[in-house]
Amino acid sequence: MVLAIADEFVVDDKRFRLYADDGWLLFREHPDCAECVGTISKTALGFLVTAWARPGPLIFEETLEEAVDRLVAIDGSHGR
């Protein structure tokens with residue numbers, strides 16, 4: 001599998017990188033490694049957000065940007 005970098009950004013001094021393939025994977029970047037925050041999939045209902053560290057009910061957002069923002073918020077509430 002080859003992933004392409006779709007976006008890179010910083011929120012509250014945390015570096016994130018969004019990769020694209022058939023869907024999207026959001027990673028929080030650390031100096032020596034990266035941790036996957038979750039995935040985003042395009043569906044008929046919108047963008048399905050799946051947080052890896054905090055599984056829970058299905059979350060759908062209308063746009064990719066809102067889906068990324070949701071994962072970043074979930075990651076921030078995870079306390080790491």
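The values are calculated or read from the model by the stated rules, or taken from the named source; none is laboratory data. Just so it is clear, the model here is predicted, and its values are computed rather than measured. Methodologically, a virtual Cβ is constructed for each residue, glycine included, from the backbone with ideal geometry; neighbour enumeration extends over all protein chains shown. SASA here: full protein model, heavy atoms, side chains in, ligands and nucleic acids out. Shrake-Rupley method; radii C 1.70, N 1.55, O 1.52, S 1.80 Å.
Keeping the other protein chains in place, figure out the carbon and sulfur percent of the accessible area of the chain, with a 1.4 Å probe. Could the numbers behind the result be given before it?
Working: 2760 of 5200 Å².
Carbon and sulfur: 53 percent of the exposed surface of the chain.
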* To do: Excluding LEU45 itself, calculate the net charge of residues whose Cβ lies under 15 Å from the Cβ of LEU45, where each Lys or Arg counts +1 and each Asp or Glu counts -1.
  => -1
* **Orientation-averaged projected area, Cα convex hull of segment 1-41 (nm²)** => 3.1 nm²
